[in-house]
Every structure is written in structure tokens, then in C-alpha cells.
Amino acid sequence: MKKHYQMGNQTVRALDGIDLTIRKNEFVAIMGPSGSGKSTLMNILGCLDVPSEGTYSLNGQSISGMDDDDLASIRNREIGFVFQSFNLLPRYTALENVALPLTYAGIPRKEREQRARKVLSEVGLEDRMEHKPNELSGGQRQRVALARALVTRPSIILADEPTGNLDTATSEDVMRLFGEIHRQGNTIILVTHEEDIARHANRIVRMKDGKIGSDTLNRSSKKKKLK
């Protein structure tokens with residue numbers, strides 16, 4: 001798979017021949033320096049972009065050649081996103097933020113609230129549902145963001161530097177939560193530049209210059225349970 005961009009007269013080879021298979025219920029960390037292609041790869045895996053050459057299949061369905069509406073439909077059904085900056089709506093409560101993707105999906109209000117309450121409880125925020133983002137700590141906001149990613153029952157969780165705005169202790173708490181979610185059957189793909197964070201994954205893919213430099217199983221992955 002390749003992804004090239006044209007910048008003036010120059011062709012940027014963001015991805016220059018990627019061959020990658022991620023199986024159901026894997027926990028994969030993607031690492032690499034700035035400009036290595038990891039963000040471009042994440043965008044394609046998340047159906048935010050399509051390859052210039054080659055194919056990408058998600059659960060047996062090829063996304064290559066899909067238009068924006070088809071890509072949006074796939075994203076809404078299959079993928080939950082977690083971002084470094086949380087991306088929560090400040091005027092909405094935690095419950096309303098989590099329920100929002102279900103609103104877009106046309107789920108009835110009662111079911112939206114039931115599902116949002118359930119996933120907020122699963123991430124340990126049963127007593128913070130009516131709080132707005134500015135009333136929550138950074139770790140709590142990231143838990144809200146993770147609950148929002150889970151509420152649509154996606155097949156894949158894509159996390160882009162999810163601990164980038166958190167201190168070390170809070171980062172460890174959030175990563176233990178990712179581990180619990182993985183053990184419950186979710187596929188997790190994590191982009192990070194932090195070795196300590198990557199060690200929570202079962203597999204580490206390192207990128208360099210638009211290619212995969214190494215792809216190794218992480219036999220020392222952290223398997224601590226949430227307290």
C-alpha cells in the first residue's frame with residue numbers, strides 16, 4: 001500500500017510500500033519519528049483517507065475507491081477514535097458527549113442514554129456523568145473520550161497519542177483501562193512516540209521513511225488490571 005502527496009513539483013511519499021495485517025483482538029502500537037508515515041497510516045486505517053496505490057480491507061471490505069459518504073458510514077459503524085486533545089464538547093455533560101455518536105446514528109433517545117451510562121460506568125465514571133469537561137481532570141476527560149469511542153460498539157479502537165496531555169501516573173491509569181478493554185475483545189491500534197506507552201501493547205510496529213522498519217511481538221507487554 002502506498003500514499004503519495006503532491007506538494008508543488010515535489011512528490012511526498014508518505015507511505016512507500018506498507019504490507020500490514022492486523023487481526024481481530026490484537027493490541028498494536030505504531031511508533032516512529034515525525035514524518036515517518038504513522039499519522040498517514042492511521043488516517044487510512046481509520047477510513048479518513050484512502051491509499052494512492054494498493055488496497056486496504058477492513059473486516060473483509062475494501063475501502064479503496066470509496067467516496068466520502070461511504071468512508072463516513074464505515075467509520076461510524078466500525079471505528080472508535082480517541083485523540084490526544086480529547087475533542088469533547090465543552091457545553092455538554094460527559095453523558096451527552098458520550099451519547100452524541102448515537103444521535104448521529106439515529107438511535108432513539110432512551111437507548112442512547114442507556115448505552116452511554118453503561119460505558120461510562122465501565123470506564124469508572126458512574127459518578128461523573130453529569131459533569132462537563134471543565135469539571136473533570138485530564139484522566140477523567142480521556143475516559144469520557146474512550147467511553148464515547150466504545151458506545152457505538154466498534155470493531156476497532158484507534159487511539160492517536162491518547163496520553164500526550166496526561167502526567168505519568170494518569171497515563172498509566174488510562175493505559176491499564178485500554179488493557180482491560182482489549183481483554184474484553186476489542187481490537188486496539190495505538191499511535192504513540194512513548195516507549196513506556198507502547199509496552200502496554202502486544203505488538204509494536206516501528207515506522208521509518210514511509211516504510212515498516214520492524215514489526216515485533218511484545219512479550220513483556222504490561223498486563224496490570226485496573227484497581
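Data for the structure
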{"item": "Condition met for T163 (hydroxyl-bearing (S, T, Y), out of contact with any Lys or Arg (no Cβ under 8 Å at 6 or more places or on another chain), over 18 Å from G35 (Cα atoms) and part of a loop (DSSP other than H, G, I, E, B))", "result": "yes"}
{"item": "Residue list for the range 177-227, restricted to those being of a type outside the set (V, I, T), farther than 25 Å from F86 by Cβ, modelled with pLDDT of 90 or more and surrounded by fewer than 17 Cβ atoms within 10 Å (Cβ to Cβ)", "result": "K208, D209, K211, G213, S214, D215, L217"}
{"item": "Tally, over the range 136-145, of residues that are in a loop (DSSP other than H, G, I, E, B) and of a type in the set (A, V, I, L, M)", "result": "1"}
{"item": "Qualifying positions in the range 64-95 - of a type in the set (A, V, I, L, M), modelled with pLDDT under 95 and more than 18 Å from the chain's Cα centre (by Cα)", "result": "M66"}
{"item": "Residue list for the range 1-50, filter: of a type outside the set (D, E, K, R), farther than 18 Å from R206 by Cβ and in a loop (DSSP other than H, G, I, E, B)", "result": "G8, N9, N25, G46, C47, L48, V50"}
{"item": "Among (1) free of Cβ contacts under 8 Å to residues at least 24 places away in the same chain; (2) over 20 Å from the mean Cα position of the chain (by Cα) - the single one S52 does not satisfy", "result": "(1)"}
{"item": "Residue, nearest to E78 (Cα to Cα), within the range 137-154, restricted to residues that are aliphatic (A, V, I, L, M) and out of contact with any helix residue (DSSP H, G or I) (no Cβ under 7 Å at 6 or more places or on another chain)", "result": "A149"}
{"item": "Residue that is in contact with a helix residue (DSSP H, G or I) (Cβ under 9 Å, 6 or more places away or on another chain) and outside any helix (DSSP H, G or I), where the choices are V98, V82, V119", "result": "V82"}
{"item": "Unique match (being modelled with pLDDT under 95 and within 17 Å of the chain's Cα centre (by Cα)) among V98, V144, V174", "result": "V174"}
{"item": "Residues that are of a type in the set (S, T, N, Q) and loosely packed, with under 15 Cβ neighbours inside 10 Å, drawn from the range 77-119", "result": "S85, N87, T103, Q114"}
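Here's the yes/no breakdown for (1) among the charged types (D, E, K, R); (2) buried (at least 24 other Cβ atoms within 10 Å of the Cβ); (3) outside any strand (DSSP E or B):
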{"residue": "L125", "(1), (2), (3)": "no, no, yes"}
{"residue": "E130", "(1), (2), (3)": "yes, no, yes"}
{"residue": "A147", "(1), (2), (3)": "no, yes, yes"}
{"residue": "P154", "(1), (2), (3)": "no, no, yes"}
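The values are calculated or read from the model by the stated rules, or taken from the named source; none is laboratory data. Small disclaimer: the values here were computed from a predicted structure and weren't measured. Note that each Cβ is placed from the backbone with ideal geometry, even for glycine, and that neighbours are counted across all protein chains shown.
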